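Trainee: What follows is a single structure, and I will ask about it in a moment.
The values are calculated or read from the model by the stated rules, or taken from the named source; none is laboratory data. Quick caveat, the model's predicted, so the values are computed rather than measured. Don't worry about glycine lacking a Cβ; one is built from the backbone with ideal geometry, like all the others, and counts go over all protein chains shown.
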Amino acid sequence: LKKVLSVFLVAVLVLALGVFSVSAMEMKGNTMVLKAACDHPKGYPTIIGLEAMAEFLDQKTDGRIKVEIYPGAVLGSEKESIEQTQMGIIDINRVSIAPVTSIYKPISVFALPYIFRSREHEFKVLDGEIGEKMLTDLAPTGFVGLDYMDSGARSFYTVKKQIRTPADVKGLKVRVQKSPVMIAMVEALGGKPVPMAFEEVYTALQSGVIDGAENNAPSYESTKHYEVAKYYSLDGHARVPEIVLMSKLTWDKLSAADKKLMKEAGAVAEKAEKTAWLAREEKAMEIVKAAGCTIYTPDPAPFQKAMEPVYKEYGSEFGDLIKAIQDVK
Ligand code: BDP
């Protein structure tokens, strides 16, 4: 009976998926309307990137392809929005690659602590062969990657005391993205990782549910987390890139010419975002300093050393890929 039941359940699921997998892509006459999600507010670099993409497509197609941008996680928190993109409910989604790691494990290599030596190294890898291959390798999981975006480096911020060495992380409840590699990173430092949606972090810091979190300066600033967690330590433990995903269900409906255009639009978005990023990083640091936050730049070496268990874990599966990234000069 159990077997019959499970076969029945699978059948229902398959049917349900078939019904709900209608893509969000909407045709209004000859106009194709694509829904694009992002969890940042208007004015944030990632939104500027998506706007550049929308404008490029509008111009190149004389208004035949329109991208409607939904900022501020209005279509759902990042992890859930990624699942909606898989199902074709969202056409385009700008997300951090951290939560994508739980759907497509190999992409974890880009979220490994200190995997990239610098911004230059990061984008040499991402815009080169390794990064391009990853964008298309995602396809069986339901996405096509259009491009990457800059997200600087993530660092810890805390409510009560400054983190100066890995020992200071010990025992702290640190919010992380919903991503196994980010969980492993905090565990390696002896902290207690608390996976949580981005939108919930402010209240969690304020109420003491967590002792700290980690992010780049523009996110630390735009979310106002700096108001409740005043100690920012620039350990720069991970340069986790952003990625622009397109639902494979939407992608498959595009003509070959439109697919090509979409990839070009991805490159346009990446370029616009990267320019906006550098300016925003500087501005964010000015704002948090002016607000009285204590900024400390620790020696990254002991942090990097403490991450060895993470490399041991991921190295057993993705050792070749990790080496290939490190070998990019
Ligand atoms: C920001 C990313 C955003 C993530 C957020 C987070 O741009 O996509 O949702 O971090 O920590 O840097 O969840």
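Trainee: Would you be able to say whether some residue in segment 245-255 is under 27 Å from LEU189 (Cα atoms) and within 13 Å of the ligand (Cβ to nearest atom)?
Mentor: no
Trainee: Run GLY315 past the list (1) farther than 30 Å from GLU83 by Cα; (2) surrounded by 13 or more Cβ atoms within 10 Å (Cβ to Cβ); (3) among the small types (Gly, Ala, Ser); (4) free of Cβ contacts under 8 Å to residues at least 60 places away in the same chain and report the number of the one that doesn't hold.
Mentor: (1)
Trainee: Mind checking which residues of segment 156-180 are within 15 Å of the ligand (Cβ to nearest atom) and either under 19 Å from PRO309 (Cα atoms) or outside any strand (DSSP E or B) (or both)?
Mentor: If the condition is that a residue be within 15 Å of the ligand (Cβ to nearest atom) and either under 19 Å from PRO309 (Cα atoms) or outside any strand (DSSP E or B) (or both), then VAL174, VAL176, GLN177, LYS178, SER179, PRO180 are the ones that fit.
Trainee: Quick one: would you say THR141 is away from the ligand (no atom under 13 Å from the Cβ), of a type in the set (Ser, Thr, Tyr) and either at pLDDT 95 or above or crowded, with 18+ Cβ neighbours inside 10 Å (or both)?
Mentor: The answer is yes for THR141.
Trainee: From the list LEU50, LEU57, exactly one residue is touching a residue at least 12 places away in the same chain (Cβ under 8 Å), more than 22 Å from GLY315 (Cβ to Cβ) and in contact with a Cys (Cβ under 7 Å, 6 or more places away or on another chain). Which is it?
Mentor: LEU50
Trainee: Return yes or no: is MET134 under 15 Å from the mean Cα position of the chain (by Cα), modelled with pLDDT of 95 or more and either within 17 Å of ALA238 (Cα to Cα) or among the β-branched types (Val, Ile, Thr) (or both)?
Mentor: The answer is no for MET134.
Trainee: Of (1) within 16 Å of the ligand (Cβ to nearest atom); (2) surrounded by fewer than 22 Cβ atoms within 10 Å (Cβ to Cβ), ASP147 satisfies all except one. Which?
Mentor: Status for ASP147: all satisfied but (2).
Trainee: At positive phi, within 12 Å of the ligand (Cβ to nearest atom) and surrounded by fewer than 18 Cβ atoms within 10 Å (Cβ to Cβ): is that true of GLY72 in this structure?
Mentor: It is true that GLY72 is at positive phi, within 12 Å of the ligand (Cβ to nearest atom) and surrounded by fewer than 18 Cβ atoms within 10 Å (Cβ to Cβ).
Trainee: Filter segment 193-233 for residues that are assigned to a strand (DSSP E or B) and under 20 Å from SER179 (Cα atoms) and give the result.
Mentor: Passing the criteria: PRO193, VAL194, PRO195, GLY212, ALA213, GLU214, ASN215.
Trainee: Pull out all pairs, ordered by first then second residue, where Cβ-Cβ is under 6 Å, the residues are six or more apart or on different chains, the first lies in segment 91-119 and is touching a residue at least 60 places away in the same chain (Cβ under 8 Å), and the second is of a type in the set (Lys, Arg) and within 16 Å of the ligand (Cβ to nearest atom).
Mentor: PRO99/LYS79; PRO99/LYS178; PHE116/ARG239
Trainee: Looking only at segment 104-138, which residues are surrounded by fewer than 16 Cβ atoms within 10 Å (Cβ to Cβ) and within 16 Å of the ligand (Cβ to nearest atom)?
Mentor: Across segment 104-138, the qualifying residue is only ARG119.
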